[in-house]
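J.: Can you read through this structure? Questions will come right after.
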Amino acid sequence: MSVSRFWRKIPQRYNLIGTRCTTCGRYFFPPRSLCPDCRRSGKIVDHKFNGEGTVVTYTVIRSASDQFENTTPYVLAVVELDEGPRLTTQIACPPEEAKIGMRVHSVFRRVAADGESGTIHYGTKFVPAE
Amino acid sequence: MRDVAVIGVGCTEFGEHWGTSFRDLFVKAGALALEDAGVTGENLDALYVGNMSAGRFVEQEHIGALIADYAGLATNHVPSTRVEAACASGGLAFRQAVIAVASGMEDIVVAAGVEKMTDVGTGASVDMLASAADREWEGFAGATFPGLYAMIATDYMHRYPLTREQLAEVAVKNHENGAKNPIAQFRNRITVDTVLNSSLVADPLRLFDCSPITDGAAAVVVVPLERAREFTDSPVRVLASAQASDTIALHDRRDISTLDASVAAGKRAFAQAGLAHRDIDMLEVHDCFTIAEICAIEDLGFCKKGEAGRLTAEGATALGGAIPVNTSGGLKACGHPVGATGIKQIYEIVSQLRGEATGRQVDAEIGMAHNVGGTGATVVVHILGA
């Protein structure tokens, strides 16, 4: 990933800054700049999510792309944030502990790196809430 | 709108073609299709080529022109267009060819698909295939393509009574069919134990739940139905051509285990053709993973949600079953050169409807093809009739 491509999403990736449509009240993470319900009549503003959510589904990645190969096995999940939207994220927990319906909250973690000397990608992962 | 017919088909063997280049694969499939159709290059009005990622697999873009050139069509300046919708690129190329002919703009058109995947390593391939999903918000987090379908499987098995063994039966059945298909990448039979003892890729999916990395190309020739008899005694009619979109990311879907784009495209196809499920004699569906075939059968409406695993284990989708599914061996056993798969599905259905599927022939007059891009962000459905 190019430096600028990573850099422009730092607030979103580090601090879970998504968006909200003030016309209909719907929350978006990953952020959207156009509300699919209100389209051009929707007004979009930034929104910081509180980072609490529930695991909707998950898997344990055993075979990954080169960037993630040295971190396998890892738990990948779809998490539904309490505000409504869903995102794809890693759950930092032992694979056997992952369960549908488990409560999780967000943490700041190293996600991947572009090779030995490239950008280190930090971002949001989740951990079990209890 | 004019009715459209397929008058010729061609397909390379699917597999690891170390000695054959991207362009050579395409030329071979194209030549087979033109020979089958009894047309020559000078007759062609246009080419539509499905290809997912030549730019990353072989560092070549501008595929339309490259293919026109190496097919010997550059000097007559035949228009050639690349079509891309990830793993649905082939189905979409066929649909573009059908639209071009139906509209009256073009008469004799080749729809093709090609992918050369083995020139990069497995890690790089996994990374490229993940770009069929949402790169920024799925891929960034470490989602692999098998991982996304694994999350569909986890959700599905949590909600419906699908057993791990029933899921394995999809791969067993598709290898059984692939064993009878001379172009298939894997022509070996496997058992449920083969699947259950293979290594985990992304829980609960194992290696034998996954379609392979494949090189291959396929091509078909379409013309207005009213001209089809000039070329062949056995034209195959295009009874429906439907397409639907959904969210690029799995996490944004209404329902993780239902591909709503499959539901929408399926309904549109049935409405266009004026047909019901009982009229369909065979299906080629997009089994990039075993769970995908289960979802496809259900989402297209051939049974209720939660039933396809049991029906598969009972043999309903086998060659002699009530509705044979993936007689070619599917993506699992025939192989999955991503851009070519959608055209190979048309190739298989045409072969079956013409009675030329030696060794795996089913009694069929009408077949349906179902081609998925990503985890269901694009779905293309075609119905063909003898």
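The values are calculated or read from the model by the stated rules, or taken from the named source; none is laboratory data. Predicted model, so just to flag it, every value in this text is computed and none were measured. For neighbour counting, all protein chains shown are included, and Cβ atoms are generated from backbone atoms with ideal geometry for every residue, glycine included.
J.: With respect to B:ILE323, is the statement that it is surrounded by fewer than 21 Cβ atoms within 10 Å (Cβ to Cβ), modelled with pLDDT of 95 or more and either β-branched (Val, Ile, Thr) or touching a His at 6+ places or on another chain (Cβ under 6 Å) (or both) true?
T.: Against the criterion (surrounded by fewer than 21 Cβ atoms within 10 Å (Cβ to Cβ), modelled with pLDDT of 95 or more and either β-branched (Val, Ile, Thr) or touching a His at 6+ places or on another chain (Cβ under 6 Å) (or both)), B:ILE323 qualifies.
J.: Could you please let me know if B:LYS180 is assigned to a loop (DSSP other than H, G, I, E, B), within 20 Å of the chain's Cα centre (by Cα) and either surrounded by fewer than 20 Cβ atoms within 10 Å (Cβ to Cβ) or not aromatic (Phe, Trp, Tyr) (or both)?
T.: Here the answer is yes, as B:LYS180 does meet what is asked.
J.: Taking the range B:259-280 as the region of interest, how many residues are of a type in the set (S, T, N, Q) and farther than 19 Å from B:LEU92 by Cα?
T.: Number satisfying all stated conditions: 0.
J.: Next question. In the set B:GLN272, B:GLN243, which member is within 21 Å of the chain's Cα centre (by Cα) and either crowded, with 17+ Cβ neighbours inside 10 Å or under 26 Å from B:ALA318 (Cα atoms) (or both)?
T.: Sole residue among the options that is within 21 Å of the chain's Cα centre (by Cα) and either crowded, with 17+ Cβ neighbours inside 10 Å or under 26 Å from B:ALA318 (Cα atoms) (or both): B:GLN243.
J.: Any residue that is more than 30 Å from B:TYR160 (Cα to Cα), touching a helix residue (DSSP H, G or I) at 6+ places or on another chain (Cβ under 8 Å), part of a helix (DSSP H, G or I) and touching a residue at least 40 places away in the same chain (Cβ under 8 Å) - is there at least one of those in the range B:315-332?
T.: no
J.: Oh, and also: Can you name the residue in the range B:247-282 that is in contact with a strand residue (DSSP E or B) (Cβ under 6 Å, 6 or more places away or on another chain) and within 19 Å of B:ALA150 (Cβ to Cβ) and, of all such residues, is farthest from the other protein chains (Cβ to nearest Cβ)?
T.: Checked the range B:247-282; the qualifying residue farthest from the other protein chains (Cβ to nearest Cβ) is B:SER262.
J.: Of everything in the range B:129-149, what is within 7 Å of chain A (Cβ to nearest Cβ), at negative phi, in a loop (DSSP other than H, G, I, E, B) and crowded, with 24+ Cβ neighbours inside 10 Å? Give them in sequence order.
T.: If the condition is that a residue be within 7 Å of chain A (Cβ to nearest Cβ), at negative phi, in a loop (DSSP other than H, G, I, E, B) and crowded, with 24+ Cβ neighbours inside 10 Å, then B:GLU138, B:ALA143, B:THR144 are the ones that fit.
J.: Name the residue, out of B:ALA54, B:ALA31, B:ALA68, that is surrounded by fewer than 19 Cβ atoms within 10 Å (Cβ to Cβ), hydrophobic (A, V, I, L, M, F, W, C) and over 16 Å from the mean Cα position of the chain (by Cα).
T.: B:ALA31
For (1) within 14 Å of another protein chain (Cβ to nearest Cβ); (2) of a type in the set (Lys, Arg); (3) buried (at least 21 other Cβ atoms within 10 Å of the Cβ), each residue gets a yes or a no:
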| position | (1), (2), (3) |
| --- | --- |
| B:VAL101 | no, no, yes |
| B:ASP155 | yes, no, yes |
| B:HIS158 | yes, no, no |
| B:ALA171 | no, no, yes |
| B:GLU176 | no, no, no |
| B:PHE186 | no, no, yes |
| B:ARG189 | no, yes, no |
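J.: So which of B:GLU348, B:GLU293, B:GLU298, B:GLU356 ends up being outside any helix (DSSP H, G or I) and among the charged types (D, E, K, R)?
T.: The conditions single out B:GLU356.
J.: From A:LEU16, A:LEU34, which residue is among the aliphatic types (A, V, I, L, M) and more than 14 Å from B:ALA141 (Cβ to Cβ)?
T.: Every option except A:LEU34 fails the conditions.
J.: Here's something else I'd like to know. Of the residues in the range A:17-31, how many are of a type in the set (Lys, Arg) and surrounded by fewer than 21 Cβ atoms within 10 Å (Cβ to Cβ)?
T.: Counting residues in the range A:17-31 that are of a type in the set (Lys, Arg) and surrounded by fewer than 21 Cβ atoms within 10 Å (Cβ to Cβ) gives 1.
J.: Still on this structure: Give the range A:18-52 a look and list any residue that's touching a Pro at 6+ places or on another chain (Cβ under 7 Å) and either farther than 29 Å from B:ILE152 by Cβ or not in a loop (DSSP other than H, G, I, E, B) (or both), or say none.
T.: If the condition is that a residue be touching a Pro at 6+ places or on another chain (Cβ under 7 Å) and either farther than 29 Å from B:ILE152 by Cβ or not in a loop (DSSP other than H, G, I, E, B) (or both), then A:GLY18, A:THR19, A:TYR27, A:PHE28 are the ones that fit.
J.: Separate question: For residues that are under 20 Å from the mean Cα position of the chain (by Cα) and in a loop (DSSP other than H, G, I, E, B), scanning just the range B:301-314, find the one that is nearest to B:ILE256 (Cα to Cα).
T.: B:GLY301
J.: Mind checking which pairs have a first residue in the range A:76-95 that is under 24 Å from A:ALA64 (Cα atoms) and a second that is of a type in the set (Val, Ile, Thr) and in a loop (DSSP other than H, G, I, E, B), Cβ under 7 Å, 6 or more apart or different chains?
T.: A:VAL78/B:ILE256
J.: I would also like to ask the following. Name the single residue that is farthest from B:ASN43 (Cα to Cα) among those in the range B:77-128 being of a type in the set (S, T, N, Q) and not in a loop (DSSP other than H, G, I, E, B).
T.: Here the answer is B:THR122.
J.: If I filter the range A:78-104 down to residues being out of contact with any Pro (no Cβ under 8 Å at 6 or more places or on another chain) and away from chain B (no Cβ under 12 Å), which single residue comes out as surrounded by the most Cβ atoms within 10 Å (Cβ to Cβ)?
T.: The extreme case among them is A:GLU83.
J.: Of all residues in the range A:82-104, which are within 16 Å of B:GLU138 (Cα to Cα) and part of a strand (DSSP E or B)?
T.: Within the range A:82-104, A:ARG86, A:LEU87, A:THR88, A:THR89, A:GLN90, A:ILE91 qualify.
J.: Next up: Out of all the residues in the range B:48-56, is one or more among the small types (Gly, Ala, Ser), assigned to a helix (DSSP H, G or I) and over 26 Å from B:ALA357 (Cα atoms)?
T.: Yes.
J.: So which residues in the range B:290-318 are of a type outside the set (Gly, Ala, Ser) and under 15 Å from B:THR163 (Cα atoms)?
T.: Those that are of a type outside the set (Gly, Ala, Ser) and under 15 Å from B:THR163 (Cα atoms): B:THR290, B:ILE291, B:GLU293, B:ILE294, B:CYS295, B:LYS305, B:GLU307, B:ARG310, B:LEU311, B:THR312, B:GLU314.
J.: Would you mind stating whether B:ALA264 is outside any strand (DSSP E or B) and surrounded by 24 or more Cβ atoms within 10 Å (Cβ to Cβ)?
T.: no
J.: From A:VAL55, A:VAL107, which residue is assigned to a strand (DSSP E or B) and away from every other protein chain (no Cβ under 13 Å)?
T.: The unique qualifying residue is A:VAL107.
J.: Give the residue that is farthest from B:ALA141 (Cα to Cα), with candidates limited to residues of the range A:105-129 that are hydroxyl-bearing (Ser, Thr, Tyr) and either in contact with a Phe, Trp or Tyr (Cβ under 6 Å, 6 or more places away or on another chain) or surrounded by fewer than 14 Cβ atoms within 10 Å (Cβ to Cβ) (or both).
T.: Per the criteria, the residue is A:SER117.
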